[in-house]
Amino acid sequence: VNLLSNRSLSNKLELVIQTLEFPVTKVIAGYVARTGETVMALDPYNDPRFNLHCDQETGFQTRNILSLPIFDNQKQKMIAVIQALNKLEDLEFDQEDEQKLQSFVQALGTVLQTSIACMQKSYQFEGMNSKGV
């Protein structure tokens, strides 16, 4: 789990990346990755798929979660999971949020699939260059 947060120090914005590692069987994003199902957890502290240790480690308080799988264009293969935490203004996620995020995820799937294909071509090209081809 990569957690991205902003911290302000002396009016400067500092980007902090904190990595926490958990088995995929112990977090909601892992459940989504394993099942391909969307999860809307409106009370994560009472959801057995939620790992309270994440909040304890970071000091973050998760109020609600919307987590969706990201598939390639043909929906043959899951390539990532996206997770939104804590809808603004102390509101809860709803079906409209899920539909909006799903639309974004479809476009993101195309972008990620293209990026993966470009990286694979780049690695192939580097391999050919290293062999003098």
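With each label point set 7 Å from Cα along the Cα-Cβ vector, what nm distance links residue 52 and residue 90?
Simple spin-label model gives 2.2 nm for this pair.
Simple spin-label model, 7 Å along Cα-to-Cβ: residue 45 to residue 100 in nm?
2.6 nm
Within the stretch 67-90, list the residues whose amide N lies under 17 Å from a label point set 7 Å along Cα→Cβ of residue 120.
The answer is 71-80, whose backbone nitrogens lie closer than 17 Å to the label point.
Sorting 70, 65 on the 10 Å Cβ count, fewest up front, what's the list?
So the residues, fewest neighbours to most, are 70, 65.
Of the listed peptides 47-54, 26-33, what is their order by residue-averaged count of other C-beta atoms within 10 Å, with the highest listed first?
26-33, 47-54
Using a Förster radius of 35 Å, what is the FRET efficiency between residue 110 and residue 20 based on their Cβ-Cβ separation? Nearest 0.05, please.
0.75
Bear in mind these aren't lab numbers, they're just calculated from the coordinates by the rules spelled out. Values in this document were obtained by computation on a predicted structure and should not be read as measured data. FYI the Cβ positions are ideal-geometry reconstructions off the backbone, even for glycines, and counts take in every protein chain you see.
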